[in-house]
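Here's the structure we're looking at; comments come further down.
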Amino acid sequence: MINIKAHINNVALHHTIFDLPFAFMAALLAAGGQPSLHDLFWIALAITTGRAAALAMDNLADVKYDSQQPRMQYRAMVKGDISKREAKIFIVICLGLMVASVTQLHPICIYLLPIAAIPFMIYPFTKRFTGWCHLFLGLAIGMAPAGGWVGVSGQITAPMVLLCIAVALWIGAFDAMYGAQDEAFDKSQGLHSLATEYGAEGAFKIAVALHIVCVACFFAVGVMLQLHWLYYIGVGIAAGTLVYQHKIVSPTDFSRVTQRYFMRNGIVSVAICVCTWLSFLF
């Protein structure tokens, strides 16, 4: 019998809060404030199933490391709730659903899908050879707004690219901070991160710089598209959230790096998405 709960745990379904709001926001911008429910449904399904396949692949590739990492003992594959064979079947099903969803959007999307899929296909293995693996994760998540934008309009524009860069830097910097707590473990396993390359302090400094550029990119998107002032309130909330996240942790104190800390980053995507929608509504 399929353990649905275990598979949901394995792909951390609630983490779609980091990419789905930006996919919807991009669709909203590309459609001039009026994306169809048809497009939003298929965008949501494509993003959700693609992300689920990507995370299942990541966990499958890393299970030998996660099983030795005390912080990862809750994961379904580590606990044995999901076998490698079941994970592979799940990945194939999710990829099939993603492809089927993409075919329901703008025709050009199916041709661009391989390009969008490359980051999440290679991300699980980047920590084997580069400390900048976090930016590959960011790029994979950054494909969500690209998918939402192109799925509606069939066009690649400068504001869309800037939005994707902003999302990629946001996620990449946050992941570098979150992963810095594993510096000792990663070094013992021959894995790479910004913390193993530059130390936890260096990783945090790089994360600060990336988040500053990220907020600047979000602001620039609003300027380029001449968005309503309500949009900038969302950017302000996002910036405030990032400042707070940086204040409560340090390279020498990860005591507040909890699941609550992790999920609080969702405020960034939700705030900007909601304020973008409100800017069109009013």
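Within the range 227-243, is there a residue that is buried (at least 19 other Cβ atoms within 10 Å of the Cβ) and in contact with a Pro (Cβ under 8 Å, 6 or more places away or on another chain)? No, every residue in the range 227-243 fails to be buried (at least 19 other Cβ atoms within 10 Å of the Cβ) and in contact with a Pro (Cβ under 8 Å, 6 or more places away or on another chain).
Restricting attention to the range 38-57, does a residue exist that is of a type outside the set (Phe, Trp, Tyr), in a helix (DSSP H, G or I), loosely packed, with under 14 Cβ neighbours inside 10 Å and within 21 Å of the chain's Cα centre (by Cα)? Scanning the range 38-57 turns up no residue that is of a type outside the set (Phe, Trp, Tyr), in a helix (DSSP H, G or I), loosely packed, with under 14 Cβ neighbours inside 10 Å and within 21 Å of the chain's Cα centre (by Cα). State all residues of the range 180-203 that are in contact with a strand residue (DSSP E or B) (Cβ under 9 Å, 6 or more places away or on another chain) and crowded, with 21+ Cβ neighbours inside 10 Å; if no residue qualifies, say none. Within the range 180-203, just Ala200 meets the criteria. Among the residues that make up the range 169-176, is at least one of them over 29 Å from Tyr198 (Cα atoms) and of a type in the set (Phe, Trp, Tyr)? Looking through the range 169-176, none of the residues is over 29 Å from Tyr198 (Cα atoms) and of a type in the set (Phe, Trp, Tyr). Has the range 166-176 got any residue that is farther than 30 Å from Thr276 by Cα, in a helix (DSSP H, G or I) and either over 19 Å from the mean Cα position of the chain (by Cα) or among the charged types (D, E, K, R) (or both)? Within the range 166-176, not a single residue is farther than 30 Å from Thr276 by Cα, in a helix (DSSP H, G or I) and either over 19 Å from the mean Cα position of the chain (by Cα) or among the charged types (D, E, K, R) (or both). Just to verify a result, which residue in the range 137-170, among those that are under 28 Å from Gln245 (Cα atoms) and β-branched (Val, Ile, Thr), is surrounded by the most Cβ atoms within 10 Å (Cβ to Cβ)? Ranking the candidates gives Val167 first. Just checking, does the range 183-204 include any residue being more than 16 Å from the chain's Cα centre (by Cα), among the β-branched types (Val, Ile, Thr) and closer than 21 Å to Ala30 by Cα? Looking through the range 183-204, none of the residues is more than 16 Å from the chain's Cα centre (by Cα), among the β-branched types (Val, Ile, Thr) and closer than 21 Å to Ala30 by Cα.
Contact annotation: residue pairs with Cβ atoms under 6 Å, 6 or more positions apart or on different chains, pairing a residue in the range 56-74 that is in contact (Cβ under 8 Å) with a residue 12 or more places away in the chain with a partner that is β-branched (Val, Ile, Thr), are Ala56/Val11; Ala56/Ile91; Met57/Ile91; Asp66/Val78.
None of the figures in this text is laboratory data; all of them are computed from the coordinates on show. Here the structure is a predicted model, which is why all the values come from computation and not from measurement. Please note: Cβ atoms are built from the backbone with ideal geometry, for glycine as well, and neighbour counts cover all protein chains shown.
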